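K.L.:
Let me begin by handing over the structure; questions about it come next.
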Amino acid sequence: MNKKYRVDLTEEECNALKRLVDSGREGARRIRWAHALLKANAGWSDEEIAEAFDVSIPTVQRLRQRFVEEGLDVALGARSHQPRPYARKLDGEREAQLMALASSHAPEGHTRWTLRLLADKMVELTYVESVSHETVRKALKKTT
């Protein structure tokens, strides 16, 4: 069967995975994934690997894909550091403005600030072009 993501480990990578498995000092998930990569390299099918190591077939497929696209460390659980696909709405300066606004007196007719009122006021004062109440909530939660 032709696989889109073929695991072809170098001898050095095989030895590193075998050391990881034999040491037993790593987390169970990392050891299981190392076993799965070794078996994928040996030609086992996704179904056989899933059955042998009690993981799902999509997990085996994602493991193969991460290994091929991003390398051994990422496949074994290290986070890949990809840039955000979007620009942050509230940077440090905007968060400071939000905190100052939240600390001020509530608008006329309100006893306290709500997240939606804060978001609307930030837009009204042109601190940001647009911002959701959820972004405001996360920023306030992070700073308190």
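The values are calculated or read from the model by the stated rules, or taken from the named source; none is laboratory data. Please read these numbers as outputs of a predicted model, since none were measured by experiment. Methodologically, a virtual Cβ is constructed for each residue, glycine included, from the backbone with ideal geometry; neighbour enumeration extends over all protein chains shown.
K.L.:
Tell me, please, whether a residue that is over 30 Å from Tyr5 (Cα atoms) and of a type outside the set (S, T, N, Q) can be found in region 73-88.
P.N.:
Within region 73-88, one or more residues are over 30 Å from Tyr5 (Cα atoms) and of a type outside the set (S, T, N, Q).
K.L.:
Which fully enclosed helices (runs of 4 or more DSSP H) of region 55-133 have 3 or more residues being surrounded by 11 or more Cβ atoms within 10 Å (Cβ to Cβ) and either modelled with pLDDT of 90 or more or small (Gly, Ala, Ser) (or both)?
P.N.:
In region 55-133, 57-70, 92-103, 115-124 are the helices (runs of 4 or more DSSP H) which contain 3 or more residues that are surrounded by 11 or more Cβ atoms within 10 Å (Cβ to Cβ) and either modelled with pLDDT of 90 or more or small (Gly, Ala, Ser) (or both).
K.L.:
Any residue that is out of contact with any Cys (no Cβ under 8 Å at 6 or more places or on another chain), within 25 Å of His81 (Cβ to Cβ) and surrounded by 17 or more Cβ atoms within 10 Å (Cβ to Cβ) - is there at least one of those in region 41-54?
P.N.:
no
K.L.:
Give me the pairs, please: first residue somewhere in region 17-28 and farther than 15 Å from Ala78 by Cα, second residue anywhere and modelled with pLDDT of 90 or more, beta-carbon distance under 8 Å, and either six or more positions apart or on two chains.
P.N.:
Taking only residues 6 or more apart or on different chains, the pairs are Lys18/Leu38; Val21/Ile31; Val21/Ala34; Val21/His35; Val21/Leu38; Gly24/Ile31.
K.L.:
Pairs only if they're at least six apart or on different chains, beta carbon under 8 angstrom, first in region 33-57 and over 15 Å from Ala16 (Cβ atoms), second loosely packed, with under 13 Cβ neighbours inside 10 Å and not small (Gly, Ala, Ser); list them, first residue then second.
P.N.:
Pairs that qualify, where the first residue is over 15 Å from Ala16 (Cβ atoms) and the partner is loosely packed, with under 13 Cβ neighbours inside 10 Å and not small (Gly, Ala, Ser), are Ser45/Met1; Ile57/Glu47.
K.L.:
What's the number of the condition Trp33 fails, among (1) closer than 30 Å to Val131 by Cα; (2) in a helix (DSSP H, G or I); (3) within 23 Å of the chain's Cα centre (by Cα)?
P.N.:
(1)
K.L.:
Looking at (1) assigned by TED's automatic domain parsing to the domain that holds Val21; (2) within 22 Å of the chain's Cα centre (by Cα), which one does His81 not meet, given that it meets all the others?
P.N.:
Condition not satisfied by His81: (1).
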